[in-house]
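The values are calculated or read from the model by the stated rules, or taken from the named source; none is laboratory data. All values reported here derive from a predicted model rather than from experimental measurement. Note that we place each Cβ from the backbone using ideal geometry, even for glycine, and neighbour counts take in every protein chain shown. Side chains included, ligands, DNA and RNA excluded: accessible areas come from the protein's heavy atoms. Shrake-Rupley method; radii C 1.70, N 1.55, O 1.52, S 1.80 Å.
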Amino acid sequence: MQSLTLLQAMRSFQGLTALWGCWGLNPNSGDLEKSPHSDPDPWEILNRHKRSWVWNQFFVLEEYTGNEPLYVGKLHSDVDKGDGKVKYVLSGEGATSIFTIDENTGDIHATKRLDREAQAYYTLQAQAVDRLTNLPVEPKSEFVVKVQDINDNEPKFLDGPYLAGVPEMSPLGTMVVQVAATDADDPTYGNSARVVYSIIHGQPYFSVEPKTGVIRTALPNMDRETRDQYVLVIQAKDMVGQMGGLSGTTSVTVTLTDVNDNPPRFTHKSYQYTVLESLPVQSVVARIKAADFDIGSNAEMDYRIMDGDGPGMFNITTDEDTQEGVIILLKPLDFETKSSFSLRIEVTNRNIDSDFLSLGPFSDTTSVKVTVEDVNEPPVFSSPLSKMVVSEDAKVGTSIGRVSAHDPDTSNSAIRYSIDRNTDLERFFNVDALSGVISTAKPLDREANSIHNLTIFAIENPTQIGKGIALITVQDINDNAPVFAIDYETLLCENAMPGQVIQTISAVDKDEPLSGHRFYFALAAPAAGNLNFTLRDNKDNTASILTKRGGFRRREQPVYHLPVLIVDSGSPALSSTNTLSVRVCDCDSDGVALSCGAVAYTATGLSTGALLAILGCIITLLVMVLLIVTMRRRRKEPLILEEERDIRENIVRYDDEGGGEEDTEAFDMVTLRNLNVIRDPSVRRDVTPDTPTFFHYPSGTRPSYKSLPDNVVFREFIWDRLKDADVDPSAPPYDSLQTYAFEGSGSVAESLSSLESLSTDSDQNYDYLSNWGPRFKKLADLYGNSDGTSVLS
């Protein structure tokens, strides 16, 4: 009776009634039993209208480990009379895969383990349908299955491990950093997600607030210079830290940051350094450093020289990279003058923290002694720059001045002087090696070089050389006459009037008198009384040229040359005569020159036609000359064309005269020979062939060509040449025509050919050639020997 009433009351909300196992519903009985954790009695709901039952929610525990499907709840429709005509259908998230429903009873079970952290609830739809027709007997209703949380997730530090810093010497309780752990369990259900913090490692230096995770210092005045880093282990535990809760840990690395709590201190009360007296200015003398255990900007220091016995000699600065005090030399050192210096140096922190003034003072002092070592120094000039003056007309050997140098060392060695010839390339000056007196060695010219800058060497030894400068100024004398300032181009119009200024002239002078230039102008004696022009001195170093008359004509005289005398004011005065050319011009009414110089006269004599005829004849002659030259060039073309330069089966005729008996290089007979002769293969080529002859000789004898008959001479000569060609390995490998200049025996004067000289055995005496004069001297030398032997060419 109680169950039916509940179904009726709940039906007023929906057509389907959900009975929850977690409400204490026993599916095997008709009673409603309240679970200890359930909501109030359903009967109270009917009497209290401010609160309504929420039927459409089911609860199921996550991570269920039982072997049977987990019972979730039951659905029931008032239409279901228990006769089996109604069937319950489940759809939505996880239907059939996670959740199943008994279509007859409406019981819902979970077939898989659920994880609330993966999915906290599932939305399902339930419906009652007619089993036969599958038509719905109730509208579809939606309900939610919520996964009930259990404590299965430990707290996690998502931002760990942590790095933090806190200033050293911080007071007790100074906040360092805040850590935070998250728990994936349901924070709205139980204590599964309620976390508390504790410190496992890091005491007694630091502490952590249990609820907030704020880490604070637990000891005051922690010193970075003693220990600058701490590693803490922080634990977060759920279930409010109770027994059985899950926990997670993280590390927190805390670094103590530096503060300026350490003053700088010198490690020694005094320092000693030694330097050479030759140390250049702005060089580093020494480096000192005060110890400061702080770092960074807290260790930055400033150094200063408080006092010392060498004022202005030294300066000290801070090396920003090393925080060292760098002592720098400001003036040259001189062992002979002062051999040691004492300085008092102070160091101070640049950035002082007022909170730690009680640990001060943040400064310190020390003394520094600098000892100067003697070195062998080069000679030093008494004056590094010596200025001297010499007159331009000084004679060679004139003394100009004297330079002086001394040895700064105690040895006071002797010094010799010389001039650096790179500064006196033309050797205008000499210097006495012992006295240092400078004198002229050549005549000077101020206009070429008014100042001479000489470098003088003072030499103690080859390695110790001092340098000085001698600046010699050459004084001017009046040795240059004035001349025209420019080359004037003076134009005179034919219609010029008498007294008209046609040109203003000025002068220049290479000399430079102290009082300035003053020039005087006048016409030279030959033109002083001319009737055409006059000169007017303007008294300002210029002069004007004026006409004395008018009516100038180019036809009469196109150019006038006017000599002008210019005198300077020097002592003695110098002068020069300069010629001014005046050209007569045809001018317009405004005085602008149109044409100047001589008038061109019209040439008389030949007419234009005659000039053209002469020009035509000249052109004709040029054409003929070109034709003749072209024809001659064609005649001189080679007999054999480029593409025909093949000596096979070609007869080449040379009209060149030979060089006689002495010419052995005129013809290269090798290139005209032929080895391509049909021979018997059995004949050996390394043996001279047995060449037949047309004339039979007695055994062992063969007469000369001269003694043979004329009809046999030529045949024998040709056969001999053929035999030579057959065994010549350098002969051309093809047929060729070879021509031999061979004379027979019919000549009265007999043969003079060098070809016959190869085979002749003549015993003729040629001594008479020496009596024929100088023209036959060469032949006499060749053939005029006493023993009568022939000379072969």
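Extending 7 Å from Cα along the Cβ direction at residue 434 and again at residue 315 yields two label points whose distance is 4.8 nm. The length gained by stretching the chain between residue 622 and residue 144 to full extension, at 0.36 nm per residue less their Cα-Cα distance, is 159.4 nm.
What full-extension length gain, to one decimal in nm, is calculated for residue 714 and residue 272 as 0.36 nm per residue of separation minus the Cα-Cα distance?
On the way: separation 442, 0.36 × 442 = 159.12 nm, distance 12.09 nm.
Extending this stretch completely gives an extra 147.0 nm.
Counted by Cβ distance under 13 Å from residue 183, the other residues give a net charge of -3, where Lys and Arg count +1 and Asp and Glu count -1. 3J(HN,Hα) along segment 543-555, derived from phi through the Karplus expression 6.51 cos²θ - 1.76 cosθ + 1.60 where θ = phi - 60°, amounts to 9, 10, 9, 10, 8, 8, 9, x, x, 6, 10, 5, 5 Hz, with x in place of Gly and Pro.
Evaluate E = 1/(1 + (r/R0)^6) for residue 304 and residue 391, where r is the Cβ-Cβ distance and R0 equals 51 Å; express this FRET efficiency to the nearest 0.05.
Working: r = 58 Å, r/R0 = 1.13.
Taking R0 as 51 Å, the efficiency between residue 304 and residue 391 is 0.30.
Rolled with a 1.4 Å probe across the full set of protein chains, the surface gives residue 225 an accessible area near 60 Å².
Here each label is just a point 7 Å from Cα along the line to Cβ, and for residue 721 and residue 484 those points are 8.5 nm apart.
Net charge dipole, segment 251-364: roughly 360 debye, given to the nearest 20, about the Cα centre with Cβ charges of +1 for Lys and Arg and -1 for Asp and Glu.
Dipole size of segment 441-512 about its Cα centre, with +1 on Lys/Arg Cβ and -1 on Asp/Glu Cβ: approximately 420 debye, rounded to the nearest 20. Here each label is just a point 7 Å from Cα along the line to Cβ, and for residue 201 and residue 475 those points are 9.9 nm apart. For the pair residue 265 and residue 530, the difference between a 0.36 nm per residue extended length and the Cα-Cα distance amounts to 85.0 nm. With a cut-off of 18 Å on the backbone N, the residues of segment 352-372 near the modelled label site 7 Å out from residue 174 along Cα-Cβ are 352-360.
Would you please give the FRET efficiency between residue 251 and residue 376, computed as 1/(1 + (r/R0)^6) with r the Cβ-Cβ distance and R0 = 56 Å, to the nearest 0.05?
Working: r = 69 Å, r/R0 = 1.23.
The computed FRET efficiency comes out at 0.20.
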